[in-house]
DNA sequence: CGCGACGTTGATTTGCCTCAACGATTGTGG
DNA sequence: CCACAATCGTTGAGGCAAATCAACGTCGCG
């Protein structure tokens, strides 16, 4: 059951008691998402905090030339949302799109706030999740401002080997901030060595 | 009093009750930091979560050429720490250095965990703080991978006008990921218009 | 089958870096 | 209080990393 997977995931941080588990069950919605389906589009409000049970998503922004720039991937046991839009209720400038057929669990702001207020443990858990994601992003920013394209690519392969093998290089190029053509050239040069 | 400033800061998120205020008082340490003094150096463990009462800090990494790359600034009413090192107890790869003479309030991991366990409100507050910083970083990553140096500079000026006026351009260049020379050229071109 | 996503390669251009040199300013110790 | 060092900003010449543009082959999928 998808919900059990989520409970096991939470248990990595803090085990839940039965009351909390039941509250969760009642407030989450399970959905199947097809490949290329959007769970968030620009100018919409991000209505759900989404937990990926299986499959994979990308979140990206689109610039004035129409080019996509991947901000984040989310595969099994990861959360994805435009938190800014989710909490403020304002329109998002981002897209979240399924890269693979996926199963997700979703919670809306009202239900999440209910959980926070009635079971402070969730504040703790999501604090730690947010801190970990913050650390991850901080490392990425440092990479971006201090490394070459090649170094960023190698570092992506090391940090996310599983993800790298499921994604087309085009998507990785967009994530590390280079063109697909240049990534292809990097790969050729590295293969020769 | 510095501690009152922190309490007022917390009240933006959730007002504290007297018990919580007193607990805070007992667990924070006030320090004066001179310009150019470090509160974290590479290979040390980050022992404190630091709240800036007045003054300004930069956090940066140093690459194999010895060049500094600014990850974050922190001025009045902002928190700064290498959270990864702080929570894991492992050595940091970063530096935190005072750019101006500063006054700070610091808390160590044991005392912070005490607060989390005895007053869940702090879990909530620091969850929201972490989420906000996460959003900020996410925007920065998007900027980095989708904009030119000039756009990143303009965007820095808009987002942090006060900070921009107290920092030398060298520090801003390091933050947006370009050389000081090139930033100087950007400024000249923009001045002509 | 035919279209669209993906990867590849080459020619050319450009954004940004490197290095070097030079004033202006700040600050600091004698 | 002055002298000298360190920091900061500026400018120019030249080089390199990465983008752009265009063309082409492959593959999977509807």
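Take the Cα pairs of chain B, get the Kirkwood Rh, then feed it into Stokes-Einstein at 25 °C and 0.890 mPa s and tell me D in µm²/s. For the chosen part, D equals 136 µm²/s. Working from label points 7 Å from Cα in the Cα-to-Cβ sense, the residue B:139 to residue B:22 distance is 4.0 nm. In a fully extended conformation the segment linking residue B:91 and residue B:159 would gain 21.3 nm over its present Cα-Cα distance, using 0.36 nm per residue.
Mean partner shielding of peptide B:54-63, defined as the number of other chain Cβ atoms within 10 Å of each residue Cβ, is 2. The slack in the chain from residue A:63 to residue A:37, taken as 0.36 nm per residue of separation less the alpha-carbon distance, amounts to 7.3 nm. Peptides B:171-181, A:107-117 ranked from most to least packed by the mean count of surrounding Cβ atoms within 10 Å: B:171-181, A:107-117. With the cut-off at under 18 Å, measuring from each backbone N in region A:82-117 to a point 7 Å along the Cα-to-Cβ line of residue A:13 picks out A:82-84, A:86-87, A:105-117.
Distance from the C-alpha centroid of region A:17-44 to that of region A:62-102: 15 Å, rounded to the whole angstrom.
Here the convex hull built on the C-alpha positions of region A:138-193 has a volume of 80 cubic angstrom per residue.
Rounded, prolate or oblate: which fits region B:1-55 when a ≥ b ≥ c are the square roots of the eigenvalues of the alpha-carbon gyration tensor, with rounded for a/c under 1.5 and prolate only if a/b beats b/c?
Since a/c reaches 1.5 and a/b is larger than b/c, the shape of region B:1-55 is classed as prolate.
Which one of B:34, B:133, B:58 has the biggest mean-square fluctuation once chain B is modelled by GNM with Cα springs under 10 Å? Judging by the Gaussian network model, the answer is B:133. The mean number of partner chain beta-carbon atoms within 10 angstrom of a residue's beta-carbon across peptide B:172-178 is 2. Per-residue mean of foreign Cβ neighbours for B:142-155 is 4 (Cβ atoms of other chains, 10 Å radius). Taking 0.36 nm per residue of separation and subtracting the current Cα-Cα distance, fully stretching the chain between residue B:30 and residue B:3 would add 8.9 nm. Per residue of chain B, the DSSP helices (runs of n ≥ 4 H) give a summed -39500 (n - 2.57) that works out to -16000 deg cm²/dmol at 222 nm.
Estimated from the Cβ-Cβ distance and a Förster radius of 25 angstrom, the FRET efficiency linking residue A:151 and residue B:151 is about 0.60. Largest first, the extents of the alpha carbon coordinates of region A:64-104 on the three principal axes equal 29, 28, 14 Å. Sorted shortest first, the distances from the residue A:181 label point to those of the same residue in the other copies are 2.7 nm; each point sits 7 Å from Cα along Cα-to-Cβ. Considering only B:157, B:40, B:24, the Gaussian network model of chain B with Cα springs below 10 Å gives its largest mean-square fluctuation to B:157.
Each listed q (0.09, 0.11, 0.14 Å⁻¹) maps to a log10 I(q)/I(0) for region A:2-114 from the Debye sum over equal C-alpha point scatterers, namely -0.24, -0.36, -0.58. How would you classify region B:51-149 from its alpha-carbon gyration tensor, with a ≥ b ≥ c the square roots of the eigenvalues: rounded for a/c under 1.5, else prolate if a/b is greater than b/c, otherwise oblate? The shape class here is prolate. Seen against the Cα atoms of chain B and their longest principal axis, helix B:149-159 is set at about 40 degrees.
Label-point distances for residue A:117 to the equivalent site in the other copies, using a point 7 angstrom along Cα→C-beta, read 2.9 nm when ranked shortest first.
Just report the Cα centroid separation between region A:165-193 and region B:158-189, whole Å. That distance is 31 Å.
Ratio of alpha-carbon Rg to the 2.2 N^0.38 Å globular estimate for the protein assembly as shown, to two decimals, please. My calculation over the Cα atoms of the protein assembly as shown gives 1.03.
Computed from the coordinates by the stated procedures, all read-outs in this text should not be read as laboratory data. Since this is a predicted model, take the numbers as computed values, not measurements. Note that each Cβ is placed from the backbone with ideal geometry, even for glycine, and that neighbours are counted across all protein chains shown.
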